[in-house]
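First comes the structure, then the notes that go with it.
The values are calculated or read from the model by the stated rules, or taken from the named source; none is laboratory data. Predicted model, so just to flag it, every value in this text is computed and none were measured. Using ideal geometry, Cβ is built from the backbone for each residue, glycine included, and neighbour counts are taken over all protein chains shown. Accessible surface is based on the protein model in full, side chains and every heavy atom, while ligands, DNA and RNA are left aside. Shrake-Rupley method; radii C 1.70, N 1.55, O 1.52, S 1.80 Å.
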Amino acid sequence: IPDFQHIHLSQMFSKKEIENRDKSFIQIIKESDVVVLSSFDALTDLKNFSSEYQNKARVLQFVSQPNSRYFELNENDKNKVLKKYDIKDEFFYMPNQFWKHKNHTIIIEAAKVLKKNKIEFLIVFTGKEFDYRNPNYTIDLKKHIAENGLDDNFRFLGFIDRGEQLQLMKNSIAIVQPSLFEGWSTVVEDTKAINHVILLSDIPLHREQI
């Protein structure tokens, strides 16, 4: 079971989807010999969700293992990627899918403050730009950015190659992870694996993971 997000952020799920998740999770817990969770935060949720089966639960925290070629990338590789995406300045990077709980909105609110204080900055977003639960999410983000005169401060690169993603992570000022909820964040694990800097939202899972 990846996480119990629908319990904490029920407003982001339909009633039917919550019912289906509850039903599916109960079936998994009852019929499995062992239930694997990726964090102790999720283990706490399972105990509250189905305390009579908590003895089945095991926590297995996965890690990120970038391909060895990543560590061989040189200045030419860096310049090639930055040129491809027309990134000429230092930048912050948020490599998340465009799901509402990833909380891109708070980045735009922070950007408005920076702009007001005449601070120059660039924020790069990558990831699939569709959330089936909120199909207008990315459209609304881009509209909000345009309405506040922030078009020059944001780049939407879409779904990119894994090697390019790691190159952008490596060459950013910092990676940004403002999620409202996570089960166990691959972005955080990637950051740890490449020994870089990350700005995290203050949620229990992130405290556990970092």
Efficiency of FRET between residue 207 and residue 113 - r from beta-carbon atoms, R0 30 angstrom, step 0.05: 0.75
For region 1-139, the per residue accessible area (1.4 Å probe, Å²) is 63 Å²
Options [x] 1.01; [y] 0.94; [z] 1.10 - which one matches Rg/Rh (Cα atoms, Kirkwood Rh) as calculated here: [x]
If eta is 1.567 mPa s and T is 4 °C, what Stokes-Einstein diffusion coefficient results for region 140-184, Kirkwood Rh from Cα pairs, in µm²/s? 100 µm²/s
Which FRET efficiency, nearest 0.05, do residue 40 and residue 86 yield, Cβ-Cβ r, R0 45 Å? 0.60
Residue 52 and residue 69 label points (each 7 Å along its Cα→Cβ direction) are spaced in nm at 5.2 nm
Find the relative contact order for region 73-146 and round it to a whole percent, using C-alpha pairs within less than 8 Å whose residues are 6+ positions apart. 37 percent
Based on the alpha-carbon gyration tensor of region 48-104 and its eigenvalue square roots a ≥ b ≥ c, which shape applies: rounded if a/c is under 1.5, prolate if not and a/b is larger than b/c, or oblate? oblate
When we measure straight from the Cα of residue 143, which aspartates and glutamates land under 15 angstrom away, once same-chain ones fewer than 8 places off are left out? 109, 129, 151, 152
In whole Hz and in residue order, list the ³J(HN,Hα) couplings for region 95-104 that follow from phi through the Karplus curve 6.51 cos²θ - 1.76 cosθ + 1.60, θ = phi - 60°; x for Gly and Pro. x, 10, 4, 8, 9, 4, 6, 6, 6, 4
Exceeding the 28 Å Cα-Cα cut-off - candidates 80/192; 112/170; 118/192: 118/192
Run the reach check for residue 56 against lysines, Cα to Cα strictly under 23 Å, same-chain hits fewer than 8 apart removed. What comes back? 23, 30, 47
Antiparallel content of DSSP bridges confined to the chain, in %, to 5: 0 percent
Whole-percent carbon and sulfur contribution to the accessible surface of the chain (1.4 Å, no ligands, DNA or RNA) stands at 51 percent
Report the extension gain between residue 140 and residue 156 in nm, rounded to one decimal, defined as 0.36 nm multiplied by the number of residues separating them, less their alpha carbon distance. 4.4 nm
